[in-house]
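Note sheet for the following structure.
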Amino acid sequence: MLPRLPHKTFFTVVIGIFTAIAILHGLRVFYQWPAVIGGYEVPMWLSYVAVAVAAYLAYQASQIAKH
């Protein structure tokens, strides 16, 4: 069984993960890096969506962590 994390620690980790995802997808868009998964080239528009979703989730987690 996993040990329980304090509320603030959990949300700090979540914020870090989603922020990193948003930054990496933003870099992919900025530098036009290709992404190929199993021979399928991932379209660039998917990274635009991923930046928006990951940034939103990081923001929401930060708002929850404040309470």
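With Kirkwood radius over Cα pairs in Å defined as stated, name the option among (1) 17.2; (2) 13.3; (3) 16.8 computed from the structure displayed.
(2)
Would you compute, from DSSP H runs of 4+ residues alone, the mean residue ellipticity of the chain at 222 nm, taking -39500 (n - 2.57) per run and dividing by the full residue count, rounded to the nearest 500?
When only DSSP H runs of four or more count, the value is -24500 deg cm²/dmol.
Quick one: Karplus J couplings for region 7-24, per residue in order, coefficients 6.51, -1.76, 1.60, θ = phi - 60°, nearest Hz, x for Gly and Pro?
Couplings: 3, 5, 5, 4, 5, 5, 5, 4, 4, x, 5, 5, 5, 4, 4, 4, 5, 5 Hz.
If you rank Ser62, Ser47 by fewest surrounding Cβ atoms within 10 Å, what's the result?
In increasing order of surrounding Cβ atoms, one gets Ser62, Ser47.
May I ask you to list the trypsin sites (Lys or Arg not before Pro) in the chain that are in a DSSP loop and have at most 14 other Cβ atoms within 10 Å of their Cβ?
On the way: sites: Arg4, Lys8, Arg28, Lys66; in loops: Arg4, Lys66.
Loop-located and lightly packed - Arg4, Lys66.
How do His67, His7 line up, fewest other C-beta atoms within 10 Å first?
Numbers: His67 6, His7 11.
Arranged by neighbour count, lowest to highest, His67, His7 become His67, His7.
Net charge around Phe10, counting only other residues with Cβ within less than 14 Å of its Cβ (Lys, Arg = +1; Asp, Glu = -1)?
+3
Readers should treat all values here as calculations from the given coordinates under stated rules, not as data from a laboratory. In this text, all values refer to a predicted model and were calculated from it rather than measured experimentally. We place every Cβ from the backbone using ideal geometry, glycine too, and count neighbours over all the protein chains shown.
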